[in-house]
Amino acid sequence: MKSFDGAGDPVRGGRTVNEAEAKTVRRVFREFADGASPRMIARRLNVEGVPGPSGRLWTDSTVRGHAKRGTGLINNELYVGRLVWNRLRYVKNPETGKRVSRVNPPEEWIVTEVPGLRIVDDGLWQAVKERQGEITEKYATVIEATRSARTNRLNGAHRPRHLLSGLLECGVCGGPYAMRGQDRYGCSGHVMTGSCPNGRGIRRAAIEERVLSGLKDRLMAPEVATEAMRAHAEETNRINRERRASGASDRKELGDVERKMAAMIAVIEDGGHVRGMVDRLRELEARQDELNERLSEAPADLPDIHPNVADVYRRKVARLAEALDHPEDRDAAASAMRSLIDRIVLTPGDRRGEMDAVLHGDLGTILEWAGNGHGNANAGTSMPDMSVSVVAGVGFEPTTFRL
């Protein structure tokens, strides 16, 4: 337990046992030794309102951690009166520029015995270590296969593993829906911490089919977007015209002001000063500053949207929908499809097993996607340019519909 000095700064090196937290630690050790999984332990503690480390919710990784790194509650040797320093070192990954931890050789560890801080007896500690060993032995093949897949996966940090990875959201808690098991999505808040009551899952194939069908029938249906795209093109182009007219007017007035100022300064320099000229010059200078400020703060002009963008969109949609059905083009088509989706909110329905799904898209992304390469809109049936670049600072309305 931390203590603080008179200035409110933490006192370094002084540790005492917090009996309430020690009781929780011993409970976690006993439950794990008796066969409870880290996830089950975390869920029980969260349901009972027991605060986790630093006041956060408990997760399975909070309990399990990493045995070799000494992380996780059941691997903390301080609980058996042993303080270990220099277990890890931190280096910068040259590929990402981020600091990553590496385990030092055991002979480089600095171990100090602090028996006064022991809260777990040797028998309970050993029982936990034995169960960890049993789990490691039982799942050794699976663990090795997972490590190998992570090591050899090409571009794994950038390519989504599944079609909807990172796009699914729980409609109850707002947290992510993630893969649980081989072929099913579930709310991470419910599964990992028990903080969300939404226990309704959905098969990956089922939600992917609903999304693909919904996109083809709704978001990718030309009649859905045509009117919105036409109206938005007209509004964007109208705003551009007003901005240009206003900017041209300000620049013209600024030129007039500067010419008047130059003429007055020339008169003054020639000795032709008249009463009130200085006051008038100050007024012109103030107006000059105001116009310069307005011109410098004027928002950047938006690209005009071609009035035939809806026709371009229709042609691209037809090719994209076709590509989704062809394995050789599916990856590129899936990437383009993901770019048209902001998120998909999943909420349990009223009937057993029912899941409501609402897709939130972005009209701005649709417009920009349709606009990419629109000069080649009359090309043949080859795959469209799948790249998408969103125009920053444009207030596009979202596109939302129920799947």
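The values are calculated or read from the model by the stated rules, or taken from the named source; none is laboratory data. In this text the structure is predicted, and so the values were computed from the model without any measurement. FYI the Cβ positions are ideal-geometry reconstructions off the backbone, even for glycines, and counts take in every protein chain you see. These area figures cover heavy atoms from the full protein model, side chains too; ligands, DNA and RNA do not enter into them. Shrake-Rupley method; radii C 1.70, N 1.55, O 1.52, S 1.80 Å.
Quick one: which of ARG30, ARG39 is under 19 Å from GLN126 (Cβ atoms), touching a residue at least 40 places away in the same chain (Cβ under 8 Å) and open to solvent by 30 Å² or more (accessible area, probe 1.4 Å)?
Working: ARG39 fails: under 19 Å from GLN126 (Cβ atoms).
Among ARG30, ARG39, only ARG30 is under 19 Å from GLN126 (Cβ atoms), touching a residue at least 40 places away in the same chain (Cβ under 8 Å) and open to solvent by 30 Å² or more (accessible area, probe 1.4 Å).
For region 256-278, give me the residue count where each residue is in a loop (DSSP other than H, G, I, E, B) and either in contact with a helix residue (DSSP H, G or I) (Cβ under 6 Å, 6 or more places away or on another chain) or not acidic (Asp, Glu) (or both).
Step one: of region 256-278, the residues in a loop (DSSP other than H, G, I, E, B) are 270-276.
Still in the running and either in contact with a helix residue (DSSP H, G or I) (Cβ under 6 Å, 6 or more places away or on another chain) or not acidic (Asp, Glu) (or both): 271-276.
Residues flagged as in a loop (DSSP other than H, G, I, E, B) and either in contact with a helix residue (DSSP H, G or I) (Cβ under 6 Å, 6 or more places away or on another chain) or not acidic (Asp, Glu) (or both) within region 256-278 amount to 6.
I'm trying to understand the selection: among the residues of region 236-262, which are under 15 Å from GLU285 (Cα atoms) and within 42 Å of the chain's Cα centre (by Cα)?
Residue satisfying the conditions is ASP250 alone.
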